[in-house]
Amino acid sequence: MDSGYRSNAFVVFLTRYFWIIAIGLFLALQSVAAPDQYSVFSFVLKIPFVADNPHILRFTSIFSEFLMGTLASYFCFAAVRLLGQKVEFRPFWSTLLILLGVVSFLKPILANANAAWVVHVLKVLIIIIALCSVYKLDLAVAFSVSAFGYLVLLAPVFFVDFTPVNTSARAAEQTNVMKELKTFGVSLKRIKEYARDQRKLDGVMNRLLGEAEKGNPEAQYDLALIYLVKNPVKDESPEQNQEQAFKWLTASSNQGFTDAQIALGKLYLEGGGIPINTSEAEKLYRAVAEKGNMDAEAMMGWLYAHGLGVDWNAQEALLRYNNAAHGGSALGLWGLADLFITGNGVERNRTQGMSLYAQAAKEGCAPAMAKLGLLMLAGADNPTQSDQGIAYIHAAARAGVAEAQYLYMMIYGEGIYGELLPYTVLWWGNQLLFSARAGNADAQWYWGLICENGLLGHSEPEKAWTWISQAAYKGFPAALDSEGDYLASGLAGERNIEKALVAYQTAAQFNANAMQTLVLWYQNGIDVPRDLEKAHYYLGQLRLWATRGDAQSEYYLGNFYRNGLVVPQSYAQALMWYQEAAENGIGQSSYRIAEMYENGEGVAKDERTAFRHYRRAASLLYLPAFYNVAIRLAEGIGTAKNAQEAREWFLRIQRGAQRGTPAHQLSLARLAEKGLFVPRDEASAAARYQAAARYDVDAERALAKMYWDGRGVRKNLVLAYCYLNDAVRHGDGRAKRMADTLMKKLSLRDRAQAQKLSLTFRP
């Protein structure tokens, strides 16, 4: 009897104080959530199985909204009791449960419709209706009660800052760490945690240092790895860490320690804070390959396939890759696949290449998984292939490939292949940020892109520059190229052409975009004295890489032929190179092919083919293509009209523009200029073109046309010329033709002013 009474009393206690217990549990869970998350319910993101499962995350999101609403209703009930109303909680609670549950399940639909805020409005309205209908409260009282409930519930959000804490030295110089840690008592706790971690790290390093100084090659190697990834502290600099890493890797390598030789070879090949030296990289890889290391044998194949440190020799590359593959190296299979996909020295065979990529992926080669996933998206003519491609990208992301993590975030951040999944994007963003903070150059570069595009909030070019510059210092080619762009355009502060030129020249050893920039600079005398010999040298390098199957080089060579820049104009050659690049997963190339079919450039005008290529570019996450897909679906150009799908593409554009993503700003400007999906507003269009013009030549050209015509802005032919001239600097042939035409219309005085201003003009 006593036992039953106790049991019943316990149930009564749980029922009576359920919401107090629930709130306490919620606050307790939140207190252990790391402050470098973005969601109030961020504790679920600590569980990999939960956070990496879109279906569980979707349910969690729905449940969290339901919990938020019901907790708010409890506060409302408490407010009613405080007002002296003698009411029971149970009828109020049961009424709200049903209504709030329905609204919570509407949340994903409303979020996809860019109207998540409607959820909160509906909840407040439901609470007001419940208060008025169940307890016959006055409307003003009901409104006050509902507002009180929501304010109390959301109070932690106003007092807790969930922005990430950037622990890198360069970022610490630009941001106040204490400002980023506004939580009650959490700031001191986090700082102590970092201090404890640093003391542990110092202890490990001191022990390794003792062994390394005694000549232990394994300790020297481990110590070098720590220096490669550790964040600078106190008076250290990234340069000091890189120097120490290079010193100890060299010491270990000189003793013949295989892992150190491979790591040092990678450092010489990629930069990593030391000058790139492909000859030294080749010597180290060759020495390790001669010991029978099959991964080093595969790297020798890669050097021969690209002519780095050795003369280009496709047959030797094929032999080395075959040896490595038969020796059990997944990198060997990956290299063979690359040869067949690109046609580098062998007859191109896409089927064979895809099969070899699949074998390499099965053997656990993460880069092969990422490449295979991207190629499947490039040829995704059916949903099954898209699903398989995403699955491979996901597997590569789980294996730690920064590019795959970025692609996976873009897929679910833009909602291209289904529902928008912000929790999935958030979780993978934190994985990428963790790798970036640990010193991974690839991750730093891609995190910089996320900051630039505002994928997790809002576009922040200054923060993007912080991460890109760190990756560039470590020699990551794409980051070096971006560093050149930032320095040349003044996005990083004052323009520094000398440093930009060095960045481009270093990147041009591996990066096609840097090659084409240098071709244009030296050909046209942009920011540097005109030097046709250097222009032809870099053009030759670009052509060489294109003939060896480098997709980016193929794309830029196609640009040169299409626009008649540096080479004679040839639409046939342009289309050929664009098609080669498109098959290798370059979405921008598919976009240019679509433009050629839309305009009838060298081919018969074909709107259906144009639409197919625009959709293909969008499926490969080339963001400007979203506009073309949306407008063609809305107007039935090249495809059947589909207003619903067109609106879905528009909502993706609108969400991106609200984040400040340059490409989406451009698309929304075009829609505002046209008056499609949004009211026609040329002033608004001009403002958005202006926001995107710093990053995009299409935006510069469109804004120049508006200044030329005086639409949305005051007519200014000099400014129009300046925008066109800057677009020409980035290889835009149409801008060049427009600039030449405009120059003829200018008066002598305006012509002189335009030429003078264009020398220093930047958007």
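Total residues in region 263-293 satisfying the condition of being without any contact (Cβ under 8 Å) to a residue 60 or more places away in the chain and open to solvent by 50 Å² or more (accessible area, probe 1.4 Å): the figure is 9.
Within region 325-359, which residues are at negative phi and either among the β-branched types (Val, Ile, Thr) or over 33 Å from the mean Cα position of the chain (by Cα) (or both)? Result: HIS326, GLY327, ILE341, THR342, VAL346, GLU347, THR351.
Under the condition of being under 9 Å from the mean Cα position of the chain (by Cα) and without any contact (Cβ under 8 Å) to a residue 40 or more places away in the chain, the residues counted in region 453-478 number 0.
Screening GLN644 on (1) farther than 22 Å from ARG734 by Cα; (2) open to solvent by less than 10 Å² (accessible area, probe 1.4 Å) shows it passes everything except condition (2).
When you check THR639 against the structure, is it open to solvent by 20 Å² or more (accessible area, probe 1.4 Å) and either of a type in the set (Val, Ile, Thr) or at pLDDT below 90 (or both), yes or no? Spelling it out, THR639 is indeed open to solvent by 20 Å² or more (accessible area, probe 1.4 Å) and either of a type in the set (Val, Ile, Thr) or at pLDDT below 90 (or both). Cβ-Cβ contacts under 6 Å between residues 6 or more apart (or on different chains), taken from a first residue in region 296-313 that is in contact (Cβ under 8 Å) with a residue 24 or more places away in the chain to a second residue that is of a type in the set (Val, Ile, Thr) and part of a loop (DSSP other than H, G, I, E, B), are listed as LEU303/VAL310. Say whether the condition of being at pLDDT below 90 and polar (S, T, N, Q) is met by at least one residue in region 532-544. So far as region 532-544 goes, no, none of its residues is at pLDDT below 90 and polar (S, T, N, Q).
One residue stands out among those in region 735-763 that are touching a residue at least 40 places away in the same chain (Cβ under 8 Å) and touching an Asp or Glu at 6+ places or on another chain (Cβ under 9 Å): the one that is farthest from ARG694 (Cα to Cα), which is ARG762.
Return the residue satisfying two criteria in turn: it lies in region 668-726 and is among the β-branched types (Val, Ile, Thr) and closer than 23 Å to LEU623 by Cβ, and of such residues it is surrounded by the most Cβ atoms within 10 Å (Cβ to Cβ).
For region 668-726, the residue satisfying everything is VAL697.
Could you check, for region 601-619, whether at least one of its residues is in contact (Cβ under 8 Å) with a residue 40 or more places away in the chain and open to solvent by 30 Å² or more (accessible area, probe 1.4 Å)? Checked region 601-619: at least one residue is in contact (Cβ under 8 Å) with a residue 40 or more places away in the chain and open to solvent by 30 Å² or more (accessible area, probe 1.4 Å). Beta carbons closer than 6 Å, at least 6 apart along the sequence or on distinct chains, pair a first residue in region 318-343 that is more than 29 Å from ALA582 (Cβ to Cβ) with a second that is of a type outside the set (A, V, I, L, M) and open to solvent by 20 Å² or more (accessible area, probe 1.4 Å) for SER329/ASP295. Counting only helices (runs of 4 or more DSSP H) that sit wholly inside region 459-575, those with at least 2 residues that are surrounded by fewer than 23 Cβ atoms within 10 Å (Cβ to Cβ) and of a type in the set (Val, Ile, Thr) are 497-507.
The values are calculated or read from the model by the stated rules, or taken from the named source; none is laboratory data. Everything numeric in this text was worked out from a predicted model, so none of it was measured. Don't worry about glycine lacking a Cβ; one is built from the backbone with ideal geometry, like all the others, and counts go over all protein chains shown. The accessibility values were calculated without ligands, DNA or RNA, using every heavy atom of the protein model including side chains. Shrake-Rupley method; radii C 1.70, N 1.55, O 1.52, S 1.80 Å.
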